[in-house]
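Quick note: the coordinates plus some simple rules give every number you see, no bench work behind them. Everything quoted here is computed from the prediction, not taken from an experiment. Methodologically, a virtual Cβ is constructed for each residue, glycine included, from the backbone with ideal geometry; neighbour enumeration extends over all protein chains shown.
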Amino acid sequence: MTSCRAVLVSAPASGQGKTLITAALARAWRNLGLKVQAFKCGPDFLDPMILEVATGRPVYNLDFTMCGENDAEAQLYRAAQQADLIIVEGVMGLHDGTPSSADIATRFDLPVVLTIDASGMAQTFGALASGLLAYNPQLKSAGALANKVGSSGHAQLLKNSLPTHLSWFGALQKDENLSLPERHLGLFRASEIGDLEAKIEAAANALMPDLPLPPVVTFQAPQMQVTPKLLANKTIAIARDAAFCFIYQANLDCLTDMGATLKFFSPLHDQCLPEADAYWLPGGYPELHLSEIGANIAMKNALQAVFNADKPILAECGGMMALSASIDDSPCFGLLVGKSKIHDRLQGLGSLNAELPQGVLGAHTFHYGNFETELEPIATAKTRFGKPENIYRHGSIHASFLHFYFASNPQAAAGLFLS
């Protein structure tokens, strides 16, 4: 076992400002000279991008369905050996979801600090914090933090409302400069927020006067597992740019652990592909870059050449839509038979386990697009809401709206890049 200071940041609901506050806490502790490792509950891609800016370190996900409890245990244990402090951003409200942030906190004995939008609130702040943390008696309570306060007097009133067993972690004033922009899939990418560094630093400085350190948590050593070198001497080329950016750091780690050499390319801007044994187009925002995709005929030809050479291609979500004939009738790379459309309403949501010919892989889905095709799926996975997600095989291409988590089954993941 090993020990490290740790805290999980949650809230009564979504929209309370968890991500910026988690980033601000991480930066404040980092500014004290601590090495801070951040995690995100759930399968989110965008919040970790913000937290990576705050900590200067890659961010990892904790999701019992997609990643598995054993993976979470291993990730936290490794972090506790390398960092001075672990900070975990929760998902939705504290008790929302299956598993919830509270479930993850109790599983690993993580103390919880609540972020509460305190606009229009006075002593109820203390009652809300107390009730949420007492709802599950197994929760270890750390304290609370107020967001969108009206004044220093308001903040003092909120602080005084907390019972003595809950620590005060500070307050942020209601200020447009202390909020993050959003779009249909959630927050903007970190690189799109020009003043993100300034926002994080300003929020961190505002919290510093009242900021305590979280308690020390003991993490159990995981059962040792050796990753097989199934991709030894293989090179995998990965699309990575503004349109293709939903990549788990844990997936990159898993590929390299299996012996692969990784190269990166931009389907938006590059005119050719790097030489590789297999190719991966992850999800992202191709729908925001349709003119660039349609104009890059050289990349379309390069992808077609790879397909003609029967080299494995994995296309996830936005990657699949970009390989279809079109998105909203704008021409795309055209390797897949079918057209993609973006809708106003959510088309898929949830973590799941996908049964592929290569094995069972943890995955999640979150998209507003759909793919209309005559291709027959090789497999269909369902979320707990019963929504089916098809997985297609066309020549050397595996395509789906699913985002796979490779470490959940390295052998199955390797098969996507070998077959």
Simple SL model, points at 7 angstrom along Cα→Cβ for H95 and N136; separation in nm is 1.0
Within a Gaussian network of the chain (alpha carbon springs, distance under 10 Å), most fluctuating of Q81, Q37, Q173
Q81
Test of understanding: ordering H95, H364 by Cβ neighbours within 10 Å, fewest first, what list do you get?
H95, H364
Across K148/K387; K140/K174; K229/K339; K339/K382; K229/K300, pairs whose alpha-carbon gap is larger than 27 Å:
K148/K387; K140/K174; K229/K339; K229/K300
How much space per residue, in cubic angstrom, does the convex hull of the C-alpha atoms of segment 235-416 take up?
99
Rounded to a whole number, the Stokes-Einstein D of segment 102-186 in µm²/s (Kirkwood radius over Cα pairs; 20 °C; 1.002 mPa s) is 156
Pair N301, D329: separation of 7 Å Cα→Cβ label points (nm):
2.9
Taking 2.2 N^0.38 Å as the expected size of a compact globular protein, what ratio does the Cα radius of gyration of the chain give against it, to two decimals?
1.01
Footprinting exposure proxy for L51, L290 (fewest neighbouring C-beta atoms within 10 Å first)
L290, L51
Anisotropy class of segment 2-219 from Cα gyration tensor, a/c 1.5 cut:
rounded
Using a Förster distance of 41 Å, how high is the FRET efficiency between K382 and V337, based on the Cβ-Cβ distance and rounded to 0.05?
0.95
Estimated FRET transfer efficiency when R0 is 35 angstrom, pair Q223-L32 (beta carbons, to 0.05)
0.55
Take every DSSP beta bridge whose two residues both sit in the chain, then give the antiparallel share in percent to the nearest 5.
45
Between L288 and N233, what FRET efficiency follows from the Cβ-Cβ distance if R0 is 45 Å, with the result rounded to 0.05?
0.75
Spatially proximal aspartates and glutamates relative to K311 (Cα-Cα < 13 Å; intrachain offsets below 8 disregarded):
E275, D277
Which of Y77, Y279, Y60 has the fewest Cβ neighbours within 10 Å, and the rest in rising order:
Y77, Y60, Y279
